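Okay, structure first, notes after.
Only the coordinates and a few stated rules stand behind these numbers; no lab work does. Note that this is a predicted model, so its numbers are computed, not measured. As a convention, Cβ positions derive from the backbone with ideal geometry for all residues, glycine included, and neighbour counts pool all protein chains shown.
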Amino acid sequence: MFDFDAFVIGSGPAGTIIAAALSERGLRVGGMTARQLRQVWPNTYGIWQDELEALGLKELLGHCWENCGSYFGRDRVDHHRGYGLFDKVKLQNYLLAKCEAGGVVWQQGKAKSIEHESHRSIVTTTEGEMISARVVIDASGHEPMFVKRQAQGAIAYQTAYGIVGHFSAPPVDPQQFVFMDFRSEHLSETERANEPPTFLYAGDFGEDVYFVEETSLAMSPPLSFEFLERRLHNRLAARGISVTAVHEVERVIFPMTLPLPDLHQPIVAFGGAASMVHPASGYLVGALLRRAPGLAEVIATALKDPQAETAAIARVAWQELWNPDRLRKYYLYRFGLEKLMRFDEVLLKQHFDTFFSLPQSQWAGFLADGLSTPELLAAMVRLFATAPNSLRWGLMQFPGWEGNLLWQFLSLQSARASEPMASKSL
């Protein structure tokens, strides 16, 4: 039987990030990968340049654009902020090197079952091997092996269909990245009125190679890849552009509104398994890099007590991942996304035009989950105050889950307000 302080299930970005952070704290860490450990991750991961600079990891970017903007109408909105895409091979190798330096022991296989004892959890693989650890971290993705979630409504997904390749004419201007292009002149009036809005996410990779991706912000049920592929080619064709060579096709789907995990279970989660995808922007990797050290630290501290029970270790980990402030923000973000999912194209354009006219500290903090609850509320109030009347009216409608989500937030706020002052200062 293998025996570890911590055992991580999953070797994607979430699994390798938390395994590296745990091993850096001197823990005996094991990891399980369902595929070849160095098989390149399939997805493209975007991040704002200053977020990586703050972590000292700018060298992990494969592409970076200072010239980044969006289109919510005829005119371009400049964001005055650098945007980049990870070099996923560099990112993967960087994290695996940290795991290797920390002595992480990886094994290929699939977990089949888990049993929790008072001071140990036992994972059994499909091959019948048994792994013992004082704490198990499930980082196996949006459909985790063992993590239980709270039940809460239908799940909305972001979907995208993208192409990296050569085109008959540049689909974006040289050295430019288009963050969101909601222009829809290529659609008929019927399509605009009856079909969900989508946007282009695209960039110049240099050497006559471009990346174009048609994206659905969030839908339940999700838009199909076939629909997005057709939209993308229609968008290009309307500008007289055709694809002349395809280097890579990307099909992306991930949940934006996963219910929160059960915060009382004796197993810990990280990444998609812990519902850490930003419920309004879809970002994840930056948050994983920022939050892994804190989670690893509380786990390492809890493990210093040789008598600490597995459930107690998991409890402090869940408290770190989903403290009251993060829970309040989760419901606010969910509330905001629920609004956007009900907007037509006109209101969506008005919303994003207003959103990116906020001070950069507010819209950047919103997208990265870097604001406190009071700061987040201030940003949302400012957006409402500066929005056109038609958008305000749309924001005030509560036809679906919005009311429930707002009630959850208000309940948490009320609980915070009723806490004794002494406890707030701890």
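Some notes on this structure:
- Around the amide H of Arg120, modelled in the peptide plane, lie the amide H atoms of Thr310, all under 5 Å away and 5 or more residues distant in sequence or on another chain.
- Amide H contacts of Asp3 (H built 1.01 Å from N, under 5 Å, at least 5 apart or other chain): Ser132
- Charged neighbours of Ala111, selected by a Cβ distance under 14 Å, balance to -2 (K, R count +1; D, E count -1).
- In Hz, Karplus ³J(HN,Hα) per residue of region 183-196 (6.51, -1.76, 1.60; θ = phi - 60°; x = Gly, Pro): 4, 9, 4, 6, 9, 6, 4, 5, 5, 5, 7, 10, 10, x
- The slack between Arg230 and Val89, meaning 0.36 nm per residue of separation minus the straight C-alpha distance, is 47.8 nm.
- Rel. contact order, % - alpha carbon contacts under 8 angstrom, at least six apart, region 107-194: 14
- Estimated 222 nm signal from helices in the chain, with DSSP H stretches of n ≥ 4 weighted -39500 (n - 2.57), rounded to 500: -12000 deg cm²/dmol
- Relative contact order, percent, region 7-135 [alpha-carbon distance under 8 Å, six or more residues apart]: 28
- Less than 5 angstrom separates the built amide H of Trp106 from those of Gly31, all sequence-distant by 5 or more or on a different chain.
- Cβ-defined net charge surrounding Pro174, 11 Å radius [Lys, Arg +1; Asp, Glu -1]: -3
- Among Asp344, Asp138, the order by Cβ neighbours within 10 angstrom, fewest to most, reads Asp344, Asp138.
- Euclidean distance between Cα centres, region 288-324 to region 29-101, Å: 26
- Each Cα pair under 8 Å and six or more residues apart adds its sequence gap; the mean of these over the residue count of the chain is a relative contact order of 17 percent.
- Those residues of region 298-341 whose amide nitrogen sits under 17 Å from the label point placed on Ser118, 7 Å along Cα→Cβ: 305-314
- Pairs of Cα atoms farther than 16 Å apart, region 157-255, %: 54
- Count of Lys pairs (Cα-Cα under 28 Å; at least 8 positions apart or interchain) in the chain: 21
- Summing charges over all other residues whose Cβ lies under 14 Å from the Cβ of Ala300, with Lys and Arg as +1 and Asp and Glu as -1, gives -1.
- To the nearest ten degrees, helix 13-24 and the longest principal axis of the Cα atoms of the chain are 40 degrees apart.
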